[in-house]
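The block underneath contains the structure these notes are about, expressed in structure tokens.
The values are calculated or read from the model by the stated rules, or taken from the named source; none is laboratory data. If you're wondering where the values come from, they're calculated on a predicted model, not measured in any experiment. Reconstructed Cβ throughout: ideal geometry from the backbone, glycine too, with neighbour counts over all protein chains shown.
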Amino acid sequence: MTTDPAVSRRNIDFVSHSDQGGRGDGVQIMVYNDHAYIGHMFSNGVTVMDVRDPKHPKPVNFLPAPPNTWNIHLQTADDLLLVINAANLFAAVTDEKSYYGGSITHAFSGEGRNFSAGLRIFDISDPANPRERSFMPVSGLGLHRIWYVGGPYAYVSAQLEGYTDYIFMIVDVSDPDHPHEVSRWWLPGMWEAGGETPTWDTSKYRYALHHAIVADGIAYGSWRDGGLTLLDVHDPAQPTLLAHRNWCPPFGGGTHSSLPLPDRQLAIVEDEGIADNCADGIKYTWVVDVREPTNPVTISTFPTPNEVDFCAKGSHFGPHNLHENRPGSFQSSETIFTTYQNAGVRVFDVTNPFQPAEIAHYVPPDPETMVDTRPNRPQIIQTCDVFVDRNGLLYVTDYNAGLYILEYNPT
């Protein structure tokens, strides 16, 4: 696609589009050494794309997942590619509520172990040709997401046997050929095998770590219906809780991504929209004051996109992923890039943290074909992840519509 297909846009220009070699579904994307690494929701593997010419991105490799296994999330740093292995839960889903609506362990306890669960590590010193170096297996359903920006430790969410859902784990990857667990932490009540009893209704609420982002020795964890935690991880062997905040209920939960802005002592925290037509309510992106890490305080929310009725548009609407200010990428503590699913990608100015303002957006057209294997899913755009390189190019994925490369051009 060479012409701008935008349904709506402001201060963001179209550069190119790719169907990712016929695998139009994409979840997390990393850009490293002029190559994009894209985890897939339904195509079971990782696509490698040469993006040295952003106007003409081209797929150059595909790393297949083991049978029945998700590779939806990944990280790149220090010439390494870290990829999650987990049970492909959407392959077993007949409706989304069974995935989002309660304990994943209880919902999928009958799944046979016909998948791979753990952490794959690849050498990407030759960026187009990743070479697998090791695999660290785990019990349970596997890993969900990783935070790794180089150095000895990766911070992962892991569903392990005996726990109600995904918990926090620190993995030593200083020897990429022999990664190993250092420590783990969970919300009290999650370790059922240890005799703990959840204090929440596991048939209604899902307390599960989506992932944590680490800055200055603090891990900012997003626990879906369990809210936000700040963990002191200066000693990787002993993560220590500093604070736990949960606004579900009365708000709708689904806390998904928490981006620390350490130079401003703020965090941006997103609650994911997880039901079609806003059946789970309008979800928000919160600005949190973390000057005192033991007492984080919400001080504002981002304005909700409203140029059309996105709830009526269909499929999911609301926050999903944030550009995470990774080393080597575009970094700002005032300009925040985020995806809003059927409302495309959005950019917000938080110069005044008490009054965030939207300053740019891009809404792609609905997908021409569906890759989603789940029955009766609406053919609606679902902008998933955004990675912004240091030049202001946005790499934007979708569950069905392929890769959009865009350029941020503020007025």
Fill in the blank from the handout: Across region 281-340, the tally of residues that are assigned to a loop (DSSP other than H, G, I, E, B) and on the phi < 0 side of the Ramachandran plot stands at 32
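In region 1-95, which strands (runs of 3 or more DSSP E) lie fully inside it and hold 2 or more residues that are within 20 Å of the chain's Cα centre (by Cα) and at pLDDT 95 or above?
On the way: elements: 8-10, 12-18, 29-32, 35-39, 45-50, 58-64, 74-77, 80-87.
Output list reads 29-32, 35-39, 45-50, 74-77, 80-87.
Okay, residues lined up against (1) among the aromatic types (Phe, Trp, Tyr); (2) without any contact (Cβ under 8 Å) to a residue 40 or more places away in the chain; (3) in contact with a helix residue (DSSP H, G or I) (Cβ under 9 Å, 6 or more places away or on another chain):
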position	(1), (2), (3)
Phe135	yes, no, no
Val156	no, no, no
Gln159	no, no, yes
Thr164	no, no, yes
Val173	no, no, no
His178	no, no, no
Practice task
Answer yes or no: is there a residue in region 274-285 that is buried (at least 18 other Cβ atoms within 10 Å of the Cβ) and among the polar types (S, T, N, Q).
Solution key: yes
Exercise for the section: Determine which member of the set Asp201, Asp172, Asp177, Asp165 is under 30 Å from Arg52 (Cβ atoms) and among the acidic types (Asp, Glu). Expected result: Asp177
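Determine whether region 337-349 contains at least one residue that is without any contact (Cβ under 8 Å) to a residue 12 or more places away in the chain and surrounded by fewer than 21 Cβ atoms within 10 Å (Cβ to Cβ).
no
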Handout entry: Count - residues of region 23-77 that are of a type in the set (Asp, Glu), in contact (Cβ under 8 Å) with a residue 40 or more places away in the chain and more than 19 Å from Asn400 (Cα to Cα)
Key = 2
Exercise for the section: Only residues in region 194-219 that are farther than 20 Å from Gly142 by Cβ count as the first member; pair them with residues that are surrounded by fewer than 12 Cβ atoms within 10 Å (Cβ to Cβ), Cβ under 6 angstrom, at least 6 apart or cross-chain, and list the lot. Expected result: Gly217/His234
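Pick from Phe387, Phe348: which is under 25 Å from Gly281 (Cβ atoms), touching a strand residue (DSSP E or B) at 6+ places or on another chain (Cβ under 7 Å), at pLDDT 95 or above and of a type in the set (Phe, Trp, Tyr)? Give the derivation first.
Working: Phe387 fails: under 25 Å from Gly281 (Cβ atoms).
Of Phe387, Phe348, the one residue that is under 25 Å from Gly281 (Cβ atoms), touching a strand residue (DSSP E or B) at 6+ places or on another chain (Cβ under 7 Å), at pLDDT 95 or above and of a type in the set (Phe, Trp, Tyr) is Phe348.
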Exercise for the section: Kindly indicate whether any position in region 374-381 is crowded, with 17+ Cβ neighbours inside 10 Å and within 30 Å of Ser332 (Cα to Cα). Expected result: yes
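Name the one entry in Asp385, Asp372 that is within 21 Å of the chain's Cα centre (by Cα), part of a loop (DSSP other than H, G, I, E, B) and under 20 Å from Gly273 (Cβ atoms).
Asp372
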Problem - Residues (of a type outside the set (A, V, I, L, M, F, W, C), more than 10 Å from Ala401 (Cβ to Cβ) and at pLDDT 95 or above) located in region 362-378 - result: Tyr362, Pro378
Exercise for the section: Kindly establish whether Gly142 is on the phi > 0 side of the Ramachandran plot, surrounded by fewer than 22 Cβ atoms within 10 Å (Cβ to Cβ) and either modelled with pLDDT of 95 or more or touching a strand residue (DSSP E or B) at 6+ places or on another chain (Cβ under 7 Å) (or both). Expected result: no
Exercise for the section: Within region 145-158, track down each residue that is buried (at least 23 other Cβ atoms within 10 Å of the Cβ) and in contact with a Ser or Thr (Cβ under 7 Å, 6 or more places away or on another chain). Expected result: Arg145
